[in-house]
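Read the figures in this text as sums done on the coordinates, not as results from a lab. Predicted, not measured: the structure shown is a model, and the values here were computed from it. Here the Cβ positions follow ideal geometry from the backbone for every residue, glycine too, while neighbour counts run over all protein chains shown.
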Amino acid sequence: MARKTRHVLLLILCAAACCAAFLAQSGQAQALKTIKIKILDARTARPFTPSNFLVRINHQETVHADWVRINDDGSAKLTVPEDAVDVSIQATYDSATEFYVNCDSAREKRNPVQHWYAVSTILAEGIVAPNGCGKMTETPHPGEFVFFARKENWREQMRDYSPQ
């Protein structure tokens, strides 16, 4: 009877160890899909805190603001699902009613397009989006996406409010 109890106990311990190993791997997989976002002023390269970040993945139009947790310093933690291949990020201000101009598309005056960045590259090397609004640069770190932004100038604001 004691031998049978030991075998059952050993079996339970082995099962618990396997479950713990599986949960640890699941936690690591989730951590691999966590991206640090830094938004910097295009002219000064100083970080600032937006109202919100709007995230799109895999060239879909669905916006996922709930995947982002903004830190006090303006940086943010973005957790994307395992199937995320590409990501596009925008920031808002004035209680999320206005959009910052992403400087990776600032030179496209008429119709700025969304730029998409590979999640695998961000995780492996880090990415700094081009700064078409100024001369400031930044060095990326693995797992980090850095982009430059600015508020709309008066011409862009007038274009947005003028009748088509």
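Please give the contour-minus-distance gain from L54 to A124: 0.36 nm per residue of separation, less the Cα-Cα distance, rounded to one decimal in nm.
On the way: separation 70, 0.36 × 70 = 25.20 nm, distance 2.25 nm.
22.9 nm is the gain from fully extending L54 to A124.
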### Summary
Net charge (Lys, Arg +1; Asp, Glu -1) of residues whose beta-carbon lies under 12 Å from that of Y117, Y117 excluded, is -3
### Summary
For the M158, D83 Cβ pair and Förster radius 25 Å, calculated FRET efficiency rounded to 0.05 is 0.05
### Query
Projected onto the charge dipole of region 53-134 (+1 at Lys/Arg Cβ, -1 at Asp/Glu Cβ, origin at the Cα centre), which of P81, A65, H115 gives the Cα projection farthest towards the positive end?
H115
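Quick check: net charge around I37, other residues with Cβ under 13 Å of its Cβ, Lys/Arg +1 and Asp/Glu -1? Spell out each step's value before the answer.
On the way: positive: K36, K38, R69, K77; negative: D73, E138, E144.
Neighbour charge sum, excluding I37 itself: +1.
Fewest first, what order do F148, F99 take by the number of other Cβ atoms within 10 Å? Before the final figure, lay out each step's value.
Details: F148 28, F99 18.
Fewest-to-most ranking of F148, F99: F99, F148.
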### Query
Near the amide H of V146, under 5 Å away, which other amide H atoms are found, from residues 5 or more places off or on another chain, if H is placed in the peptide plane?
K38, I127, V128, A129
### Query
Tell me, what HN-Hα J-couplings in whole Hz come from the Karplus equation 6.51 cos²θ - 1.76 cosθ + 1.60 at θ = phi - 60° for each residue of region 59-69, using x for Gly and Pro?
6, 9, 7, 5, 9, 10, 6, 6, 7, 10, 10
